[in-house]
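First up is the structure itself, then whatever we jot down about it.
Since every read-out is calculated from the coordinates, none of them should be taken as a lab result. Fair warning: this is a prediction, and the values are worked out from it, not measured in the lab. Here the Cβ positions follow ideal geometry from the backbone for every residue, glycine too, while neighbour counts run over all protein chains shown.
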């Protein structure tokens, strides 16, 4: 089993997998000043040929941070945001169909209120709550992606990943 230490999420170290914004501490171009500030066009999630986003919630319970399953979408990126707690997220680089690049797996600490865009083809799965008993995660995908564009793979014993929290 390979152990990977979760890293602080930065635009530089996450660039190969996607991008993100903090919805609780917005930065960047804005329209207006206090008391009303509109932070515009902060993040784009490529939805393939779909013109609508479907919003779902994934409730994840605290569990051992053992990655034994991963998935990817070949036609769309995926947006997700932990709403009420910080989470650990594991990602593997996009690869040719069906291949896994376990040696380049990364894990990140995603603070609550951070909207993450996972690029098309990047392997990922449900995140792991760090402290809370459960965390509600907002998920944005085209409608029914889970049924028509979701390749799920169960990892073999020698491919399992364990996410360590940094000390």
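By per-residue mean of other Cβ atoms within 10 Å, what is the highest-first order of 137-143, 74-80, 160-166?
On the way: 137-143: 18.7, 74-80: 20.3, 160-166: 15.1.
Highest-to-lowest ranking by the protection proxy: 74-80, 137-143, 160-166.
Computed over segment 2-164, relative contact order equals 37 percent, with contacts defined as Cα pairs under 8 Å that lie 6+ residues apart. Largest GNM mean-square fluctuation among 133, 41, 149, using the chain with Cα springs under 10 Å: 41.
Per-residue extension of 0.36 nm, minus the Cα-Cα distance of residue 36 and residue 23, leaves a gain of 3.2 nm for this segment.
A helix-only calculation puts the chain at -500 deg cm²/dmol for mean residue ellipticity at 222 nm, using -39500 (n - 2.57) for each DSSP H run of at least four residues, averaged over all residues. With the Cα gyration tensor of segment 47-107 giving a ≥ b ≥ c as the square roots of its eigenvalues, does the rule (a/c under 1.5 for rounded; else a/b larger than b/c for prolate; else oblate) give rounded, prolate or oblate? It is oblate, given that a/c is not under 1.5 and a/b is not larger than b/c. Centre-to-centre, using Cα atoms only, segment 56-129 and segment 135-167 are separated by 5 Å. With springs only between Cα atoms under 10 Å apart, run a GNM on the chain and tell me which of 135, 53, 91 wobbles the most. Its mean-square fluctuation being the largest, the pick is 53. Past the 22 angstrom mark, what percentage of all C-alpha to C-alpha distances in the chain do you count? Taking all Cα-Cα pairs of the chain, the fraction more than 22 Å apart is 43 percent.
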